[in-house]
Amino acid sequence: MPLVLESGIKVLPAEILSQIFEAGHRMTRGWTFAKCVSQVCRWFRHVSLRTPLLWTRVADVYSDSQAEEFVTRSAQKDLDVSLLGSDPGISPVFQMYSNRWKLLQIRSGRAVESIRKIGPIHFPRLKTLYHDGKRPLDLSSWHLPELRRVVGSLSLGPASFPNSSQLVTVGLSLTNSVRLTSLSQALHSMTALKNLTLTLSWCTEAWNPPTTQTHDRHSVHIESLEVSILNQTKPGVVEDIFDVLSYLSPSTVTIKLMDFPEPHSCPEAFFCTLSEEMFPYGSTIKIYTRTVDFRKNFMLLTNLVRGCNIAQRILIEAPTA
């Protein structure tokens, strides 16, 4: 470290340096940043060990001694926990402080089994849950009174979402066969919903559509709706899902059409409901695609304008050749 810089840092108040460390922590992921700044010099180490936020990210790959060190240094701060399903499972130290888990990332099916071995699943301060496993996660027996955000592959069975009326941000990954009634019931139970993201991957069939509509078309306002369509998802499935979503009135609606199966060469098939009405409806409409050159067919833009009388901005990002 240059002498002038080292001299300036040494006279920097600990409170200011701690705030700089906290800003760096928020701009990065994992615990690498905390490890790096704690090994720069004695002064950095002194300040970093007294900055609890740096030590709040923990994972099941930590040894019991590492887990103890992180929990001790984090003081009483909430913990961000990442579970990869590593052997021998979740450290008893982390289990002891499960009442401080604020964010939980589940990276595999083995990680789910590790959680179940803890016993009754009760995370009283958990606000955010990510699930990256392939098998849908059933949350019906989990007690999550503070949950506000959930993202990933999740079961859509009856009562699958505890405290669903409190959820503000939801991201669902749907694959293969989509149960429309279950999807509809789950979404309608989320009365505080503001941001919804759906990822449709390899969706080849949709069944059991709702027999009645509990809300009028475009009657429930949310801030944003994003739908990503990829991996040969069929247009008929998209139409069925759009029918389920048609009660929503988002300020911003984003459709990402990443590919579509042959022989359906017309991209407009992925923007309509079963009644052939244009689905995108919002003050801002964003369309992204990797595979369609819209210069060859301007009807999509025309139909979007005709189908949405509240649109103020329509943005289309597509290949130019």
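Applying the criterion of being modelled with pLDDT under 90 and among the β-branched types (V, I, T) to the residues of segment 1-27, the residue that is surrounded by the fewest Cβ atoms within 10 Å (Cβ to Cβ) is V11. Among the residues examined, S98 qualifies as closer than 25 Å to T128 by Cα, among the small types (G, A, S) and out of contact with any Ser or Thr (no Cβ under 8 Å at 6 or more places or on another chain). Of all residues assigned to segment 94-110, none qualifies as being of a type in the set (D, E, K, R), surrounded by fewer than 15 Cβ atoms within 10 Å (Cβ to Cβ) and either in the same structural domain as L172 (by TED's automatic domain parsing) or touching a residue at least 24 places away in the same chain (Cβ under 8 Å) (or both).
Restricting attention to segment 183-242, the residues that are among the small types (G, A, S), under 23 Å from I310 (Cβ atoms) and more than 21 Å from the chain's Cα centre (by Cα) add up to 1. If you check S165, S141, S160, S155 for being surrounded by fewer than 15 Cβ atoms within 10 Å (Cβ to Cβ), of a type in the set (S, T, N, Q) and under 18 Å from L196 (Cα atoms), only one passes: S165. Any idea which of L129, L49 is out of contact with any Asp or Glu (no Cβ under 9 Å at 6 or more places or on another chain) and assigned by TED's automatic domain parsing to the domain that holds S177? L129 is the lone residue from the list that is out of contact with any Asp or Glu (no Cβ under 9 Å at 6 or more places or on another chain) and assigned by TED's automatic domain parsing to the domain that holds S177.
Right, S86: surrounded by fewer than 22 Cβ atoms within 10 Å (Cβ to Cβ) and at pLDDT below 85 or not? So S86 passes the test. Just one residue in the set R73, R50 is free of Cβ contacts under 8 Å to residues at least 40 places away in the same chain and more than 30 Å from H122 (Cβ to Cβ); that residue is R50. In segment 263-281 there is no residue matching the filter, namely being of a type in the set (S, T, Y), at pLDDT 95 or above and assigned by TED's automatic domain parsing to the domain that holds A206. Looking only at residues of segment 111-120 that are in contact (Cβ under 8 Å) with a residue 24 or more places away in the chain and not β-branched (V, I, T), we find that the one that is nearest to A59 (Cα to Cα) is A111. In segment 113-134, the qualifying residues are those that are within 15 Å of V151 (Cβ to Cβ) and among the hydroxyl-bearing types (S, T, Y), and the one that is surrounded by the fewest Cβ atoms within 10 Å (Cβ to Cβ) is Y130. Scanning segment 48-76 for residues that are touching a His at 6+ places or on another chain (Cβ under 7 Å) and either closer than 19 Å to P92 by Cβ or buried (at least 22 other Cβ atoms within 10 Å of the Cβ) (or both) yields a total of 1.
The values are calculated or read from the model by the stated rules, or taken from the named source; none is laboratory data. Owing to the predicted nature of the structure, the values given are computational and were not obtained by experimental measurement. Cβ coordinates were reconstructed from backbone atoms using ideal geometry, including for glycine residues, and neighbour counts include every protein chain displayed.
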